[in-house]
Amino acid sequence: MAVNFQEVTEFLNQVDARFGVPACECMVFQDHRLLYHHTAGFLDYDKTIPLTGGQWYWIYSCTKLMTMTAVLQLREQGQLDLDDPVSQYLPECAYLTVRDGETIRPARTVLTIRHLMTMTGGFTYDLTLPNLVKMKEESRNQASTQQMIAALCREPLAFDPGTHFCYSMCHDVLGAVVEAVSGQQLSDYVLDHIARPLGISGLTFHPGKEALSNMPGQLCYHDQKQIIFPCDKDNTYQLTPNYDSGGAGICCRVEDYILFVDALACGGVGRTGARILTPESIALMSANQLQGATLEDYHNTMKPVTEGYGLGVRVHMLDDSTVPVGEFGWDGAAGATANIEPQRHISIFYAQHLINYLPNYAELHPALLQKIYRAIDSQ
């Protein structure tokens, strides 16, 4: 029996009126089969060009799921271990320091791959740190991922690795690790080992004119003035034209990224039959990794107590009638959200372009997911 998604469609058609989101697209898969696809809104700020599907979106932190997949692939191949010191692959991480009040001291714990994957590495999301700015200037804005991450690691950490949770550039550092281990630029690795095996063609870290021309205009939210205003189509997390952000660098089409989310929901196997991860790796990714102070930090700064944090993903741990226990995924700075329900092989991907708007996560996403799961459960 077909699933009735009428309530979902009505909701998506109202996201502009309710949330100020003028363009959005949503797809739902189950067992490699399309259950639902809807596009609403307009390509341009003036709302004269209706969306028809096939648009490109910056998905920002939904990039993290692909970076996690890359690291876990390398782990499956025996090329790294989660508890390896990061300095084994990035020598600049051997002598990290920590800002401790008014002083700077050597880090007391060794930074590991697991710390980076769980956002407990001690980094922040400050893109204006002096060494980052200096590297951009010295390279005439041409620095590579490796050069920028080396500069980042010369900055003092906010805390000793493993002692706290802080949402940060940890996954950008992991992008540099992937490059060091694989010998490929992160963008090339993702295309060769994740995207192309799954039949994904509409995904890039560096969109050209064609993709940008078919990208809905980005909007930004000014928190103090509480206004929504047009902003350009640049990705501020792409620190230079040669930088691949493992935490926020991907631009893609909804119809392509859903194929990746579908593979995670189906035990690591995509619609093409290609396997990108083992079920064991997906179980590890989606298991809560935080406890004590780190879990408290996560709940205080990011997500409710019903959720934990795995390897780059939120993990739904307690039944609160919104989404099934065991569901996992992550969101993006402009409002994209990727959601995986492994028990029933359900995958959901939603994209939009409204940056720095907290109702995306506190209201829009929960309401959308609740309506989608209600539709599926009622069939």
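With respect to PRO216, determine if the residue is of a type outside the set (S, T, N, Q), in contact with a strand residue (DSSP E or B) (Cβ under 6 Å, 6 or more places away or on another chain) and crowded, with 19+ Cβ neighbours inside 10 Å.
Answer is yes for this residue.
Here are the criteria: (1) surrounded by 14 or more Cβ atoms within 10 Å (Cβ to Cβ); (2) within 13 Å of LEU354 (Cα to Cα). Tell me which single one ILE227 does not satisfy.
Of the numbered conditions (1) surrounded by 14 or more Cβ atoms within 10 Å (Cβ to Cβ); (2) within 13 Å of LEU354 (Cα to Cα), the odd one out for ILE227 is (1).
If you check every pair at least six apart or on different chains, which have Cβ atoms under 7 Å apart with a residue in region 85-113 that is in the same structural domain as VAL178 (by TED's automatic domain parsing) first and a residue that is in a strand (DSSP E or B) and basic (Lys, Arg) second?
Matching pairs, first to second residue: THR97/ARG105; VAL98/ARG105.
Go through (1) assigned to a loop (DSSP other than H, G, I, E, B); (2) surrounded by fewer than 23 Cβ atoms within 10 Å (Cβ to Cβ); (3) modelled with pLDDT of 95 or more one by one and return the number of the condition GLY246 breaks.
Looking at each condition in turn, GLY246 falls short on (2).
List pairs: first residue in region 214-243 and in contact (Cβ under 8 Å) with a residue 40 or more places away in the chain and over 17 Å from THR204 (Cβ atoms), second residue surrounded by fewer than 16 Cβ atoms within 10 Å (Cβ to Cβ) and among the small types (Gly, Ala, Ser) anywhere in the structure, Cβ distance under 9 angstrom, at least six positions apart or on different chains.
From residues that are in contact (Cβ under 8 Å) with a residue 40 or more places away in the chain and over 17 Å from THR204 (Cβ atoms), the pairs are LEU219/GLY20; TYR221/GLY20; ILE228/GLY20.
Would you please name the residue that is nearest to GLY268 (Cα to Cα), looking only at residues in region 60-84 that are charged (D, E, K, R) and touching a residue at least 60 places away in the same chain (Cβ under 8 Å)?
Looking at the filtered set, the residue picked out is GLU76.
Does any residue of region 49-72 turn out to be among the basic types (Lys, Arg) and more than 20 Å from GLN185 (Cα to Cα)?
No - not one qualifying residue is present in region 49-72.
Of the conditions (1) modelled with pLDDT of 95 or more; (2) surrounded by fewer than 19 Cβ atoms within 10 Å (Cβ to Cβ), LEU152 clears all except one; give me its number.
Evaluating LEU152 over (1) modelled with pLDDT of 95 or more; (2) surrounded by fewer than 19 Cβ atoms within 10 Å (Cβ to Cβ) leaves (2) as the failure.
The values are calculated or read from the model by the stated rules, or taken from the named source; none is laboratory data. Given the structure is predicted, the values throughout are model-derived calculations rather than measurements. As a convention, Cβ positions derive from the backbone with ideal geometry for all residues, glycine included, and neighbour counts pool all protein chains shown.
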